[in-house]
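> Below you will find the structure I want to go over with you.
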Amino acid sequence: MNPFGYLGSFVLNLLNTLGGLSTMLWDALRWTVRPPFRFKLILEQMESIGVKSVPVVIFTGMFTGMVFGYQCYFGFHYFGAEYMTGMVVALAMARELGPVLSAIMVTARCGSAMTAELGTMRVTEQIDALYSLAVEPLQYLISPRIIASVLIMPVLNLITVTFGIVGGYVVVVKWLGVNSTIFLENISYYVGLDDYLNGTVKALVFGLILSVVGCYKGYYVSGGALGVGQATTQSVVLSCILILLFDYIITALLF
């Protein structure tokens, strides 16, 4: 195949994937507002996606804040502005690092699990069995996962941001000797509610992305066990790319 053929094939596959994602999202939203309402399944998914991801996002936020605190301190040290380290750490965690890193970690842990679980159900014909039982698979399998991801990601983002600031505080104040009062006052003065709301908006969008992509890749898998493995890899890669892409888009729109 010549280069133009590769380019055309890539564009067609991309458009096909985007179309499939949009269609699945629309169908899942339509089934969400139709009875029966499966609140128990939503709560189960919130536990699986949210509660069990708390240790992961705590470690992610903590060590990110600690590393970023070190880097900012030694960067500001050249200008005698070490007291600004707390503000920069909190601002970066609230606007960018918190929502992006928490979304990527949840994608690696839960987005891949969604794809593998749904893919296994597809290749073992469990999804087809739902049709025979007069159960709509989109309502039973997809909608609870999407709703749970959208609802729980802002909470995970808040946990990541909080522990990121705590990690920065431990390094900058306890180890590097910056005054604690100055560290906290700069955060309260320069970092406002709108910065945390911006991160929350991103977390909502990222939760939607990782759940829709994970469900789509698993729901339409083919090729047996090999296909499930490939779909899981594709799900994580595509979700991470879309998260970074929409991070830029949302940032550009909000600022």
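Values quoted throughout were computed directly from the atomic coordinates according to the rules given, and no laboratory measurement underlies them. The shown structure was predicted, so the numbers you read here are calculated from the model rather than taken from an experiment. Counting neighbours? That spans all protein chains shown, and the Cβs are built from the backbone with ideal geometry, glycine included.
> Please identify the pairs in which a residue from segment 10-36 that is closer than 14 Å to Gly214 by Cα has its Cβ atom under 8 Å from the Cβ atom of a residue that is in a helix (DSSP H, G or I) and of a type in the set (Lys, Arg), counting only partners at least 6 apart or on another chain.
Pairs that qualify, where the first residue is closer than 14 Å to Gly214 by Cα and the partner is in a helix (DSSP H, G or I) and of a type in the set (Lys, Arg): there are none.
> So which residues in segment 22-46 are aromatic (Phe, Trp, Tyr) and within 16 Å of Ile152 (Cβ to Cβ)? Outline the logic, then answer.
Our first condition is that a residue be aromatic (Phe, Trp, Tyr); within segment 22-46, this holds for 26, 31, 37, 39.
Within segment 22-46, just Phe39 meets the criteria.
Residue-wise test of (1) of a type in the set (D, E, K, R); (2) assigned to a helix (DSSP H, G or I).
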residue	(1), (2)
Leu130	no, yes
Ile142	no, yes
Ile146	no, yes
Val161	no, yes
Gly167	no, yes
Gly177	no, no
Ile182	no, yes
Glu185	yes, yes
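> In segment 26-44, which residues are among the basic types (Lys, Arg), under 19 Å from Met114 (Cα atoms) and in a helix (DSSP H, G or I)? Before the answer, list the steps.
Residues of segment 26-44 that are among the basic types (Lys, Arg), as a first pass: 30, 34, 38, 40.
From the residues that got through so far, the ones that are under 19 Å from Met114 (Cα atoms) too are 38, 40.
Of everything in segment 26-44, just one residue is among the basic types (Lys, Arg), under 19 Å from Met114 (Cα atoms) and in a helix (DSSP H, G or I), namely Lys40.
> Being farther than 25 Å from Val201 by Cα, part of a helix (DSSP H, G or I), in contact with a helix residue (DSSP H, G or I) (Cβ under 8 Å, 6 or more places away or on another chain) and not aromatic (Phe, Trp, Tyr) narrows it down to one residue among Thr60, Thr64, Thr120; which is it? Show your work before the answer.
Details: Thr60 fails: farther than 25 Å from Val201 by Cα; Thr64 fails: farther than 25 Å from Val201 by Cα.
Selected residue: Thr120, the only one of Thr60, Thr64, Thr120 that is farther than 25 Å from Val201 by Cα, part of a helix (DSSP H, G or I), in contact with a helix residue (DSSP H, G or I) (Cβ under 8 Å, 6 or more places away or on another chain) and not aromatic (Phe, Trp, Tyr).
> Within the bounds of segment 109-117, is there any residue that is among the polar types (S, T, N, Q), out of contact with any Leu (no Cβ under 7 Å at 6 or more places or on another chain) and surrounded by 15 or more Cβ atoms within 10 Å (Cβ to Cβ)?
Going through segment 109-117, the residues among the polar types (S, T, N, Q) turn out to be 112, 115.
Then keep just the ones that are out of contact with any Leu (no Cβ under 7 Å at 6 or more places or on another chain); that gives 112, 115.
Still in the running and surrounded by 15 or more Cβ atoms within 10 Å (Cβ to Cβ): 112, 115.
Scanning segment 109-117 turns up at least one residue that is among the polar types (S, T, N, Q), out of contact with any Leu (no Cβ under 7 Å at 6 or more places or on another chain) and surrounded by 15 or more Cβ atoms within 10 Å (Cβ to Cβ).
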